[in-house]
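Trainee: Before I ask anything, let me first share the structure, which is written out below as structure tokens.
The values are calculated or read from the model by the stated rules, or taken from the named source; none is laboratory data. Quantities reported herein were computed from a predicted structural model and do not represent experimental measurements. Cβ coordinates were reconstructed from backbone atoms using ideal geometry, including for glycine residues, and neighbour counts include every protein chain displayed.
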Amino acid sequence: MSRYSSFAHSCIGESHIKKGVVCQDSSLCVSNSRYTFAASADGHGSACYLRTDIGSEYAVDCAQSCVDEFLRNLGEAHADLDNNKERDQLFGQLWRSIVSRWHNMVEEDFRFEPFTQEDLDRIPEQFDYYRERYLAGNFMDAYGTTLAFAVVTDDFAFCAQIGDGSCVALDDNGDAFEPIPEDPRCHDNVTTSMCQDDAAYSARFCYFPKDSIPSVIFLGTDGIENSYCSREQLYGFYRGLALTFSENGLDEGLRQLSAFLPEMTKRGSGDDVTVAGIIDFEQLKAMEEVLRTSLEESSVEEAPAESEFAPSTNTDEEKTVAAANTVNTEAPENNE
């Protein structure tokens with residue numbers, strides 16, 4: 001798997017810094033001899049979700065550990081993934097194992113450290129509904145989070161997602177596309193979540209056979225896309241980021257990204273921001289000229305230089321409301 005590299009970086013949002021709120025995004029990357037993995041998760045920012053930062057951390061950890069077991073068990077039977085019916089069944093089993101493990105970790109955390117009165121007092125009075133749920137032992141909402149991850153092996157690749165945020169891939173022509181199907185339930189201030197009762201059935205997957213694996217797969221939480229005014233601007237950011245990695249290598253590219261993200265959240269969404277991804281540097285290097293031309297011809301202002309991933313000013317409020325089917329879907333909008 002030396003052909004592929006992965007990276008992940010999360011940055012606290014400017015609004016969270018101002019309000020003394022912890023970063024609620026989490027990310028993880030793993031590269032070994034069998035697979036390359038990257039994941040991002042976005043905890044729900046409202047004060048009603050008391051341990052959403054823990055929930056997002058658990059989500060990326062569960063995804064990686066379950067993917068590891070999934071690939072070990074799959075072994076040489078990976079040809080089954082070429083059959084649509086078999087693939088749907090296998091991915092369904094994987095996703096159910098991720099959700100089950102996440103629930104187990106959440107339950108263990110709550111058993112070890114139940115909510116205190118101080119915790120409950122953090123919930124705004126107008127949302128007593130959440131306080132009542134938690135006092136009644138329905139604590140899953142408090143850990144609510146989205147999750148997206150990508151996996152690349154020598155023989156295939158796949159991505160999965162629950163909730164908002166975006167997965168953006170680049171083909172050999174430098175064109176950006178979003179391979180994971182949209183979820184119509186994610187709109188405005190509502191997102192599907194790991195804390196939903198039906199989370200085990202809410203994942204969306206995409207699959208790439210060996211000859212169709214993209215050169216680059218990026219995962220971004222909604223703080224990234226909400227920092228741009230259009231999809232084309234968002235794609236311009238990712239094309240510029242891909243070119244930066246190609247020209248400067250993984251370590252320097254990640255350093256430039258980590259230096260830029262605080263500026264993005266300051267000038268853009270104000271939300272926590274995360275970018276994770278998997279890169280085939282051999283293919284990406286061959287695309288450099290295509291990417292340069294695409295960026296030069298684009299009317300979008302994003303460019304590959306460190307100081308020029310420039311986000312657009314975005315005054316929209318953060319979209320981080322979990323809509324669990326046992327929770328009021330008019331849950332509080334996070335104004336962070």
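Trainee: Which of the residues spanning region 10-34 are of a type outside the set (Gly, Ala, Ser) and in contact with a strand residue (DSSP E or B) (Cβ under 7 Å, 6 or more places away or on another chain)?
Mentor: CYS11, CYS23, GLN24, ASP25, LEU28, CYS29, VAL30
Trainee: Please work out if ARG122 is at pLDDT below 95 and either buried (at least 16 other Cβ atoms within 10 Å of the Cβ) or not acidic (Asp, Glu) (or both).
Mentor: So ARG122 passes the test.
Trainee: So, of the residues in region 44-69 that are surrounded by fewer than 19 Cβ atoms within 10 Å (Cβ to Cβ) and of a type outside the set (S, T, N, Q), which turns out to be modelled with the lowest pLDDT?
Mentor: Among them, the one singled out is ALA47.
Trainee: Could you count how many residues in region 94-116 are assigned to a helix (DSSP H, G or I), surrounded by 13 or more Cβ atoms within 10 Å (Cβ to Cβ) and not hydroxyl-bearing (Ser, Thr, Tyr)?
Mentor: Count: 13.
Trainee: Please work out if ARG34 is within 20 Å of ARG72 (Cβ to Cβ), surrounded by fewer than 22 Cβ atoms within 10 Å (Cβ to Cβ) and in contact (Cβ under 8 Å) with a residue 40 or more places away in the chain.
Mentor: yes
Trainee: So, in region 142-158, exactly how many residues are buried (at least 24 other Cβ atoms within 10 Å of the Cβ) and of a type outside the set (A, V, I, L, M, F, W, C)?
Mentor: Going through region 142-158 one residue at a time, the tally reaches 4.
Trainee: Restricting to region 159-182, give me the number of residues that are touching a helix residue (DSSP H, G or I) at 6+ places or on another chain (Cβ under 7 Å), buried (at least 24 other Cβ atoms within 10 Å of the Cβ) and under 22 Å from GLU282 (Cα atoms).
Mentor: Within region 159-182, residues that are touching a helix residue (DSSP H, G or I) at 6+ places or on another chain (Cβ under 7 Å), buried (at least 24 other Cβ atoms within 10 Å of the Cβ) and under 22 Å from GLU282 (Cα atoms) number 2.
Trainee: Residue under question is SER10, and the condition is that it be farther than 21 Å from PHE158 by Cβ and among the small types (Gly, Ala, Ser); does it hold?
Mentor: The answer is yes for SER10.
Trainee: Within region 4-16, count every residue that is at pLDDT 95 or above and either surrounded by fewer than 17 Cβ atoms within 10 Å (Cβ to Cβ) or not in a strand (DSSP E or B) (or both).
Mentor: 3
Trainee: Also, quick follow-up: Out of the residues in region 254-268 meeting the condition of being surrounded by 24 or more Cβ atoms within 10 Å (Cβ to Cβ) and under 16 Å from LEU219 (Cβ atoms), tell me which one is nearest to the chain's Cα centre (by Cα).
Mentor: LEU261
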